[in-house]
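What follows is a short report on a single structure.
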Amino acid sequence: MASRERPTPTLDDTSKAIIEQLQQDGRRPYATIGRAVGLSEAAVRQRVQRLQDTGVMQIVAVTDPVQVGFSRSAMIGITVDGDAEEIASEIEKLPEVDYLVVCAGSFDILAEIVAEDDDHLLEVINRKIRALPRVRATETFVYLKLRKQIYTWGTR
């Protein structure tokens, strides 16, 4: 999800059911979803568009990076001096960053990097992340093998 501040929309049971249908299969036809949730195809289409426009969800093709030409992925734990949100705003601009959170604990920020190879990963860490003012330290967790990646946690 995008990190921009947005008001949190209130989701009714029908919108939640639509999300759950799409979590199971992002290509499920709107007519099929409509039958499952009791709406017309057009009404489902409108709700899906609204859910996307408000940032509640996005519909994308999820891939295994290795199989599409990116041989190195890693999670970078980042410790900063000062406002972590300001540093996160800079890091989120990097095209290699596919997941970014400001967190509590040992690190202020966690950034997932997808790189072409080790040299590319090193460049991102050394020349793009560590070069930022107020980045105090980084710790790199290199991924060796993708074992599980799901997005079907439902709604509450």
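The values are calculated or read from the model by the stated rules, or taken from the named source; none is laboratory data. Predicted model, so just to flag it, every value in this text is computed and none were measured. Note that we place each Cβ from the backbone using ideal geometry, even for glycine, and neighbour counts take in every protein chain shown.
With respect to the numbered conditions (1) touching a Leu at 6+ places or on another chain (Cβ under 7 Å); (2) assigned to a loop (DSSP other than H, G, I, E, B), which one is the sole condition not fulfilled by residue 111?
Among (1) touching a Leu at 6+ places or on another chain (Cβ under 7 Å); (2) assigned to a loop (DSSP other than H, G, I, E, B), the lone unmet condition for residue 111 is (2).
Taking residue 86 as the residue in question, decide whether it is assigned to a helix (DSSP H, G or I) and in contact with a Leu (Cβ under 6 Å, 6 or more places away or on another chain). Steps first, answer last, please.
Working: assigned to a helix (DSSP H, G or I): yes; in contact with a Leu (Cβ under 6 Å, 6 or more places away or on another chain): no.
Answer is no for this residue.
Only residues that are within 25 Å of residue 89 (Cβ to Cβ), polar (S, T, N, Q) and surrounded by 12 or more Cβ atoms within 10 Å (Cβ to Cβ): list them for the range 118-156, please.
138, 140
When you look at residue 156, is it under 30 Å from residue 25 (Cα atoms), part of a helix (DSSP H, G or I) and touching a helix residue (DSSP H, G or I) at 6+ places or on another chain (Cβ under 9 Å), yes or no?
On the way: under 30 Å from residue 25 (Cα atoms): yes; part of a helix (DSSP H, G or I): no; touching a helix residue (DSSP H, G or I) at 6+ places or on another chain (Cβ under 9 Å): yes.
It is false that residue 156 is under 30 Å from residue 25 (Cα atoms), part of a helix (DSSP H, G or I) and touching a helix residue (DSSP H, G or I) at 6+ places or on another chain (Cβ under 9 Å).
Filter the range 106-127 for residues that are under 20 Å from the mean Cα position of the chain (by Cα) and not acidic (Asp, Glu) and give the result. Before you say what the answer is, go through the steps one by one.
Residues of the range 106-127 under 20 Å from the mean Cα position of the chain (by Cα): 107-116, 121, 124-125.
Matches in the range 106-127: 107, 109, 110, 111, 113, 114, 115, 121, 124, 125.
A quick yes/no check of all residues on (1) outside the structural domain of residue 110 (by TED's automatic domain parsing); (2) closer than 30 Å to residue 11 by Cβ; (3) in contact with a helix residue (DSSP H, G or I) (Cβ under 7 Å, 6 or more places away or on another chain); (4) surrounded by fewer than 18 Cβ atoms within 10 Å (Cβ to Cβ):
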{"position": "42", "(1), (2), (3), (4)": "yes, yes, no, yes"}
{"position": "45", "(1), (2), (3), (4)": "yes, yes, yes, yes"}
{"position": "49", "(1), (2), (3), (4)": "yes, yes, no, yes"}
{"position": "60", "(1), (2), (3), (4)": "yes, yes, no, yes"}
{"position": "76", "(1), (2), (3), (4)": "no, no, yes, no"}
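Residues to consider are 82, 154; find the one that is at positive phi and touching a residue at least 60 places away in the same chain (Cβ under 8 Å). Steps first, answer last, please.
On the way: 82 fails: touching a residue at least 60 places away in the same chain (Cβ under 8 Å).
Result of the check over 82, 154: 154.
Among the residues of the range 113-151, count how many are in contact with a Ser or Thr (Cβ under 7 Å, 6 or more places away or on another chain) and within 25 Å of residue 59 (Cβ to Cβ).
3
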